[in-house]
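The values are calculated or read from the model by the stated rules, or taken from the named source; none is laboratory data. As the structure is a computational prediction, the values presented were derived from the model and not from experiment. Neighbour counts are summed over all protein chains in view; Cβ atoms, including those assigned to glycine, are modelled from backbone coordinates with ideal geometry.
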Amino acid sequence: MCGATEGGLSLDGVNTKIEAIVQGQVTKSGEPVSTGYVRLLDRTGEFTAEVPVSATGHFRFFAGDGEWTLRTLVPGADPVDRKVEAATGSIAEVDIAV
Amino acid sequence: MSRENSLVTATWVEENLDNPKVVLIEVDEDTTAYDKGHIKGAIKLDWTTDLQDQVRRDFVNKAQFEALLSERGVANDDTVVLYGGNNNWFAAYAYWYFKLYGHQDVKLLDGGRKKWELDSRELVNDLPERAATTYTAQEQDTSIRAFRDETVAAIGVQNLVDVRSPDEYAGRLLAPAHLPQEQAQRAGHVPTSINVPWSKAANDDGTFKSDEELREIYGEAGLDDSKDTIALCRIGERSSHTWFVLKEILGHQNVKNYDGSWTEYGSLVGVPIALGDEPGEA
């Protein structure tokens, strides 16, 4: 799928033209994190969604247009916040090192 | 009910891993999570196949629920401890479901799978064997289940607590943001419903906040505890989490979960819908 993370989560069956996708990979010391969570917070900081990372550290959200914050929860690491701008019809790639 | 009667800690679960009268059951939104490792001795319930009728949109009936628990080796006098991912969303849904069919002794593992993982506690791949039982369920307790007509009738009368994220409540999103947004129903919320996202009741590690914090959250949001309450979300699982908080932890009377929730209400012809961040008028 064009624009998807190489080796990341499949977008088969998803109409990417109508979605504002935010996705990426969480790493620790250069290696993908296989146990952990990523939260999506809205522009006011309110929790919107949370996903467990995949075995390869990947995550994906279907957000709306605008600014969001990603927050990691990984065993043995402090949470890391990353701001991201999402837009319908595009995929925002965010790689996060914790 | 109270926190002490309805929640157990991870330490309590570890101390009871070999107790044959304690049945651990994992219920996840991601129905493959169990297969990647689970708490020792835990069995799995799949909310999409085990707990839902496969033709109509409804739950399995009493006889099907009895057959399911009998086959999985759950007895009427067992202590059922539910846990799952996503801050116990679907475990809370299963908890409500067990209560709906009258199971007496059911509890949630505080923090669920997430806290267990964040604590780096042991997960195993071995599948437990439990001897079949003869489980007897009760008729559905509809004092805890709301249907669409009573939800419409509750507008401006009862507490309606919409526990979705603010963007879903306002109509800017149609589904939680980890799911694709393409949906058939209209966006928005039931007029006069207040928005208290389920997540406000949980700490980052998935455990429930203290009774004092919870009372403050719902009090500040305008929940009138002299009135009956209906909780709703998109498909009834996040609202099970809030139903659990209001009914089982805080001990409110007459709290129902509307499992039809927004995917039903937002598809009804002719019902009122409010858009934006305010509750709107009756």
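Within region A:67-76, take every residue that is at pLDDT below 95 and surrounded by fewer than 21 Cβ atoms within 10 Å (Cβ to Cβ) and give me the one that is nearest to the other protein chains (Cβ to nearest Cβ).
Once the filter is applied, the top-ranked residue is A:P75.
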Selection from region B:177-216 of residues that are facing another protein chain (nearest Cβ under 9 Å), outside any helix (DSSP H, G or I) and polar (S, T, N, Q)
B:Q181
Counted residues in region A:77-98 being exposed (fewer than 14 other Cβ atoms within 10 Å of the Cβ), within 11 Å of another protein chain (Cβ to nearest Cβ) and touching a helix residue (DSSP H, G or I) at 6+ places or on another chain (Cβ under 9 Å) come to 0
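So if I check each of B:D162, B:D167, B:D225, which one is of a type in the set (D, E) and either assigned by TED's automatic domain parsing to the domain that holds B:Y93 or out of contact with any strand residue (DSSP E or B) (no Cβ under 7 Å at 6 or more places or on another chain) (or both)?
Values: B:D162 fails: either assigned by TED's automatic domain parsing to the domain that holds B:Y93 or out of contact with any strand residue (DSSP E or B) (no Cβ under 7 Å at 6 or more places or on another chain) (or both); B:D167 fails: either assigned by TED's automatic domain parsing to the domain that holds B:Y93 or out of contact with any strand residue (DSSP E or B) (no Cβ under 7 Å at 6 or more places or on another chain) (or both).
Exactly one of B:D162, B:D167, B:D225 is of a type in the set (D, E) and either assigned by TED's automatic domain parsing to the domain that holds B:Y93 or out of contact with any strand residue (DSSP E or B) (no Cβ under 7 Å at 6 or more places or on another chain) (or both), namely B:D225.
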Among B:T136, B:T192, the single one that is touching an Asp or Glu at 6+ places or on another chain (Cβ under 8 Å) and at positive phi is B:T192
Filter region A:16-39 down to the residues that are closer than 19 Å to A:G66 by Cα, within 7 Å of chain B (Cβ to nearest Cβ) and either at pLDDT 95 or above or part of a loop (DSSP other than H, G, I, E, B) (or both) and list them by number.
A:E19
Take B:R172 and decide whether it is in contact (Cβ under 8 Å) with a residue 24 or more places away in the chain and outside any strand (DSSP E or B).
no
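Pick from region B:134-176 the residues that are within 11 Å of chain A (Cβ to nearest Cβ) and more than 20 Å from B:L268 (Cβ to Cβ): which of them is surrounded by the most Cβ atoms within 10 Å (Cβ to Cβ)? Write out each step before concluding.
From region B:134-176, those within 11 Å of chain A (Cβ to nearest Cβ) are B:164-176; that's our starting set.
Those left that are additionally more than 20 Å from B:L268 (Cβ to Cβ): B:165-167, B:172, B:176.
Numbers: B:S165: 27, B:P166: 18, B:D167: 25, B:R172: 20, B:P176: 25.
So the residue we want is B:S165.
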Is there a residue being in contact with a Ser or Thr (Cβ under 8 Å, 6 or more places away or on another chain) and closer than 17 Å to B:K256 by Cβ anywhere in region B:71-92?
yes
Within region B:11-34, the residues that are touching a residue at least 40 places away in the same chain (Cβ under 8 Å) and over 22 Å from B:D77 (Cα atoms) are B:D28, B:E29, B:D30, B:A33
Which ones in region A:40-54 are facing chain B (nearest Cβ under 8 Å) and among the hydrophobic types (A, V, I, L, M, F, W, C)?
A:L40, A:F47, A:A49, A:V51
For region B:248-270, check the following and say yes or no: at least one residue is part of a loop (DSSP other than H, G, I, E, B), without any contact (Cβ under 8 Å) to a residue 24 or more places away in the chain and of a type in the set (V, I, T).
yes
Going by the conditions given, is A:G8 more than 9 Å from chain B (Cβ to nearest Cβ), in a strand (DSSP E or B) and surrounded by 18 or more Cβ atoms within 10 Å (Cβ to Cβ)?
no
Members of region B:177-190 that are of a type outside the set (G, A, S), surrounded by fewer than 19 Cβ atoms within 10 Å (Cβ to Cβ) and in contact (Cβ under 8 Å) with a residue 12 or more places away in the chain:
B:Q183, B:Q185, B:R186
Do you know which of the residues in region A:40-71 that are in a loop (DSSP other than H, G, I, E, B) and in contact (Cβ under 8 Å) with a residue 40 or more places away in the chain is nearest to the chain's Cα centre (by Cα)?
A:S54
